[in-house]
Amino acid sequence: MSASMRYGFGYGVEFRLICVVLFCSTIAIAQNRQQQPTSASIPREITGQLRVAESSAGPAGVLIILNRGTGMEVARSMTDSRGRFHFQDLQADNYEVVVQQQGYRPVTRQIDLNFTPSMFVNLELVPLPGARAASEPASGIVSAKLPANPAAQQEFEKGQRLLLESKDVKDTINGIAHLEKAMKSDPAFAPTYALLGKGYMDQQKWKEAEAVIRKGIDADSKDFSVRFLLGVCLNQERDFAGAAKALLSSLEIDPKAFQAHYELSRSYLAMNNWQMAEPHIVEAIRIEPRFAPAHVAMGNILLKKGDPHSAQEQYKEYLKLDPSGMFAAGVRSILDKMKTTNPSGTLPQEIH
């Protein structure tokens, strides 16, 4: 599983919590007599502003997804307190910025960074007819709300940015410190516990993560992020039954959370119950067919069902979506084995 997906924010989502690489470089542009695209070695960046239609407000904490032209997700960012977002250290390529907010029309914007090192985009959220806009992103692990306490809000924003844009262990540690201060200032704000748990998970401190996430559930039992993260954490601790219970409760809050469906399927597969896993992975792919790890899980299920041909198609789809992902080497290996496996022989083991 890729780093971005381990916690459901990106997983290759698997979980939707998120990593934007920030890197500052000195730009040196080579001059040529013929007009050519800007050197591919120069890092690109995208800066943007998100607003709500018929309002000057810039919503905070909204998840912004950045895909390459191939459809593969490459980064995620969260809007700050004024609705701004920033992607940095990108390669020359075509990109797509995506925003999915409950109660609003999906927003997509195509961006060509082959001939320019930077681009600024304005995005607008337009309410769906007759829909009631939700206060949280449809695809977000982190709430769009902010703490009511000004001191907690300041610490929360600092901690959130450090964790979501973490470049090293120092950023993670500093992010945790800010979130701990936010938690003390506003102990009833559940998203703080979710981000704090994510910080511990980044350090693979699963017990510490579980403890703080459970406190978040006590603070707000109806918050999706803490219940989802608890499921991810328990899967890592191999408490698969407990993980399934937590993930089912998260899906009661947000039935369209494809990462939760995916993570729940992993719980059931770990308990050797592909029959329970299958409908959730089917739903994950239906909601977000470009979520590459789900196709690996679907391939695994199809192998268990004795359908190697369909499994091959799912594994190939994974490689198409994420050719250099965490599962790529295993997927290529299993496809090679399947080429030489006699149909009546033993099928290769599924990928984990």
Exercise for the section: For segment 70-94, name all the residues that are closer than 20 Å to residue 290 by Cβ and either touching a Lys or Arg at 6+ places or on another chain (Cβ under 6 Å) or small (Gly, Ala, Ser) (or both). Expected result: 71, 74, 75, 77, 90, 93
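Residue under question is residue 231, and the condition is that it be crowded, with 24+ Cβ neighbours inside 10 Å and farther than 19 Å from residue 326 by Cβ; does it hold? Before the answer, list the steps.
Working: crowded, with 24+ Cβ neighbours inside 10 Å: yes; farther than 19 Å from residue 326 by Cβ: yes.
Against the criterion (crowded, with 24+ Cβ neighbours inside 10 Å and farther than 19 Å from residue 326 by Cβ), residue 231 qualifies.
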Problem - Where a residue in segment 181-200 is of a type in the set (Val, Ile, Thr) and its partner, wherever it lies, is buried (at least 24 other Cβ atoms within 10 Å of the Cβ) and in a helix (DSSP H, G or I), with Cβ under 6 Å and at least six apart - result: 192/156; 192/179; 192/182; 192/183
Completion exercise
Pairs returned, first residue in segment 310-335 that is surrounded by 14 or more Cβ atoms within 10 Å (Cβ to Cβ), second residue that is among the β-branched types (Val, Ile, Thr) and in a helix (DSSP H, G or I), beta-carbon separation under 6 angstrom, 6 or more apart or interchain, are 315/331; 318/296; 318/331; 319/331; 327/296
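Collect the residues in segment 147-188 that are part of a loop (DSSP other than H, G, I, E, B) and either at pLDDT 90 or above or over 21 Å from residue 75 (Cβ atoms) (or both), keeping them in residue-number order. Explain how you work it out, then say what you get.
Just the residues of segment 147-188 that are part of a loop (DSSP other than H, G, I, E, B), to begin with: 147-149, 165-168, 186-188.
Residues satisfying the conditions are 147, 148, 149, 186, 187, 188.
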Handout entry: segment 77-115 - residue that is hydrophobic (A, V, I, L, M, F, W, C) and part of a loop (DSSP other than H, G, I, E, B) and, of those, surrounded by the most Cβ atoms within 10 Å (Cβ to Cβ)
Key = 113
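For residue 33, state whether it is modelled with pLDDT under 80, among the charged types (D, E, K, R), out of contact with any Ser or Thr (no Cβ under 9 Å at 6 or more places or on another chain) and over 17 Å from residue 99 (Cβ atoms).
On the way: modelled with pLDDT under 80: yes; among the charged types (D, E, K, R): yes; out of contact with any Ser or Thr (no Cβ under 9 Å at 6 or more places or on another chain): yes; over 17 Å from residue 99 (Cβ atoms): yes.
Considered against the rule, which asks whether it is modelled with pLDDT under 80, among the charged types (D, E, K, R), out of contact with any Ser or Thr (no Cβ under 9 Å at 6 or more places or on another chain) and over 17 Å from residue 99 (Cβ atoms), residue 33 comes out as yes.
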Problem - Pairs, first β-branched (Val, Ile, Thr) in segment 227-255, second in a helix (DSSP H, G or I), C-beta under 6 Å, six or more apart - result: 232/263; 253/224
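Give the residue, chosen from 46, 42, 65, that is assigned to a loop (DSSP other than H, G, I, E, B), of a type in the set (A, V, I, L, M) and modelled with pLDDT of 75 or more. Reasoning before the result, please.
Working: 46 fails: assigned to a loop (DSSP other than H, G, I, E, B); 65 fails: assigned to a loop (DSSP other than H, G, I, E, B).
Only one candidate passes the filter, namely 42.
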Completion exercise
Of (1) surrounded by fewer than 24 Cβ atoms within 10 Å (Cβ to Cβ); (2) out of contact with any Gly (no Cβ under 8 Å at 6 or more places or on another chain), residue 183 fails just (1)
Exercise for the section: Would you point out which residue out of 257, 244, 292 is over 21 Å from residue 68 (Cβ atoms), within 18 Å of the chain's Cα centre (by Cα), crowded, with 24+ Cβ neighbours inside 10 Å and not hydroxyl-bearing (Ser, Thr, Tyr)? Expected result: 257
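So which residues in segment 260-289 are of a type in the set (D, E, K, R) and either in a helix (DSSP H, G or I) or crowded, with 24+ Cβ neighbours inside 10 Å (or both), if there are any at all? Lay out the reasoning, then the answer.
Quick first cut of segment 260-289, residues of a type in the set (D, E, K, R) only: 263, 266, 278, 283, 286, 288.
The answer is 263, 266, 278, 283, 286.
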Handout entry: Every residue from segment 290-338 that is touching a Pro at 6+ places or on another chain (Cβ under 7 Å) and assigned to a loop (DSSP other than H, G, I, E, B)
Key = 327
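The values are calculated or read from the model by the stated rules, or taken from the named source; none is laboratory data. Please read these numbers as outputs of a predicted model, since none were measured by experiment. In this analysis, Cβ positions are derived from the backbone assuming ideal geometry, glycine residues included, and neighbour counts consider all displayed protein chains.
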